[in-house]
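Peer 1: Got a structure here, written out as structure tokens. Questions coming.
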Amino acid sequence: METSPGTTFDPDPDGLLDEYLRMLEVRGASAATRRSYGADLRQLREWLTAARLTVDRLDRRAVRGFAAELGRRGYAPSTHARKLSSLRGFTRFLAERDVLEADVGAGLPGPRRRRRLPRTLRVDEVDRFLAAIRGDVPLRLRDRALFELIYGCGLRSQEAVDVALEELDLGQAELRVHGKGGRERTVPLGEQAAEALGAYLERGRGRLAAAARSAAASTPGTPSRMSPLFLSKSGRALRTSDVRRLVVGYCRAAGLDDASPHMLRHAYATHMLEAGADLRAIQELLGHASVATTQVYTHVSGAHLRKVYDRHHPRA
């Protein structure tokens, strides 16, 4: 595309990048996925601008050139792989819209990724972590309920903060969870998680919700149809950054190395598997789209394997 001197070059005059992101939303991609892909495609836009190339002129040479630029920037393999996935998704979209005659991103190889096993916590370490959350004040009751729920149900931190009060059924000991890709699942509540949630609802959440009502009275607006289960001291819904901060604090109080909320989810899966749970059942409980994702937990501890061997092998 030719531009006259002084004219700003637009590599996407038809707004196809934005149209692609809107399509992802319609198809149920999570807000986090859309943010990541949006950042990746803004990077593509910048590269196209520098190359004086419009999206409808993308070819395999240009796609390989952008991929090579990503490789030179030294991203972590997982980040690099996601950026290439964003690119492949966009070129597929362009081909489906007949903007391009062929999907020029198909078959573009990704970086070689080392398969890293998730770091997890032993059962006794989880016990120490939860025991560090002491006290009967609303925030401590909330924190105990939050982490009993994350470990007891194998939740992602985003899933935990997204839980609405209306999605918790203590009578049936069940919880409805909104997972990645818009997938919903219902998970059972364990006895200790249900007990901690009951204490939080009885003696903690009401006092935190009062702060929210006070704030809403001073700044009226449209009330939400769903009430977040976990509230901050000011009455707003918790954020994942709050959960990460709390994990670090309680790990230090328990004398553990700093952990992450996801390590409690890993611990849930590992401990269930070590106790004999079926891999397919764990896949459903975790909300994994593919059992291949769940199979990483088949690498259980050496100590557990030794116990299994000693218990079952005739020559042990």
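Peer 1: Would you mind finding the one in ALA215, ALA199, ALA209 that is assigned to a helix (DSSP H, G or I), at pLDDT below 95 and surrounded by 14 or more Cβ atoms within 10 Å (Cβ to Cβ)?
Peer 2: Being assigned to a helix (DSSP H, G or I), at pLDDT below 95 and surrounded by 14 or more Cβ atoms within 10 Å (Cβ to Cβ) holds for just one of ALA215, ALA199, ALA209, which is ALA209.
Peer 1: Out of region 177-196, which residues are touching a strand residue (DSSP E or B) at 6+ places or on another chain (Cβ under 7 Å) and either in contact (Cβ under 8 Å) with a residue 12 or more places away in the chain or part of a helix (DSSP H, G or I) (or both)?
Peer 2: VAL177, HIS178, GLY179, ARG185, THR186, VAL187, PRO188, LEU189
Peer 1: Quick check on ALA254: is it at pLDDT 85 or above, of a type in the set (Gly, Ala, Ser) and in contact with a helix residue (DSSP H, G or I) (Cβ under 6 Å, 6 or more places away or on another chain)?
Peer 2: Working: at pLDDT 85 or above: yes; of a type in the set (Gly, Ala, Ser): yes; in contact with a helix residue (DSSP H, G or I) (Cβ under 6 Å, 6 or more places away or on another chain): yes.
Yes, satisfied.
Peer 1: Right, next: Filter region 46-85 down to the residues that are of a type in the set (Ser, Thr, Tyr) and loosely packed, with under 14 Cβ neighbours inside 10 Å and list them by number.
Peer 2: Once the filter is applied, which keeps residues that are of a type in the set (Ser, Thr, Tyr) and loosely packed, with under 14 Cβ neighbours inside 10 Å, region 46-85 yields only SER78.
Peer 1: Further question on the same structure: Tell me which helices (runs of 4 or more DSSP H) are completely within region 1-90 and hold 1 or more residues being farther than 22 Å from ALA106 by Cβ and under 24 Å from the mean Cα position of the chain (by Cα), or say none if there are none.
Peer 2: 16-26, 31-51
Peer 1: Do you know which of the residues in region 259-316 that are surrounded by 14 or more Cβ atoms within 10 Å (Cβ to Cβ), under 17 Å from ARG119 (Cα atoms) and of a type in the set (Gly, Ala, Ser) is modelled with the lowest pLDDT?
Peer 2: Among those residues, the one meeting the criterion is ALA259.
Peer 1: On the given criteria, is ASP14 under 28 Å from GLY181 (Cα atoms) and acidic (Asp, Glu)?
Peer 2: yes
Peer 1: Can you name every residue in region 225-249 that is among the hydroxyl-bearing types (Ser, Thr, Tyr), under 17 Å from the mean Cα position of the chain (by Cα) and surrounded by fewer than 16 Cβ atoms within 10 Å (Cβ to Cβ)? I'd like the intermediate steps shown before the answer.
Peer 2: Taking region 225-249 as the starting set, the residues that turn out to be among the hydroxyl-bearing types (Ser, Thr, Tyr) are 227, 232, 234, 240-241.
Next, from what is left, pick out any that are under 17 Å from the mean Cα position of the chain (by Cα): 240-241.
The one that is among the hydroxyl-bearing types (Ser, Thr, Tyr), under 17 Å from the mean Cα position of the chain (by Cα) and surrounded by fewer than 16 Cβ atoms within 10 Å (Cβ to Cβ): SER241.
Peer 1: Limited to region 130-150, what total is found for residues that are part of a helix (DSSP H, G or I), in contact with a helix residue (DSSP H, G or I) (Cβ under 7 Å, 6 or more places away or on another chain) and not β-branched (Val, Ile, Thr)? If you could, list the steps in order and put the result at the bottom.
Peer 2: From region 130-150, those part of a helix (DSSP H, G or I) are 130-131, 138-150; that's our starting set.
Keeping just the survivors that are in contact with a helix residue (DSSP H, G or I) (Cβ under 7 Å, 6 or more places away or on another chain) gives 130, 138, 141-150.
Filter once more, keeping what is not β-branched (Val, Ile, Thr): 130, 138, 141-149.
Total meeting the criteria: 11.
The values are calculated or read from the model by the stated rules, or taken from the named source; none is laboratory data. No experiment lies behind these values; they were computed from the predicted model shown. Positions of Cβ are generated from backbone atoms using ideal geometry, with glycine treated the same way; all protein chains shown enter the neighbour counts.
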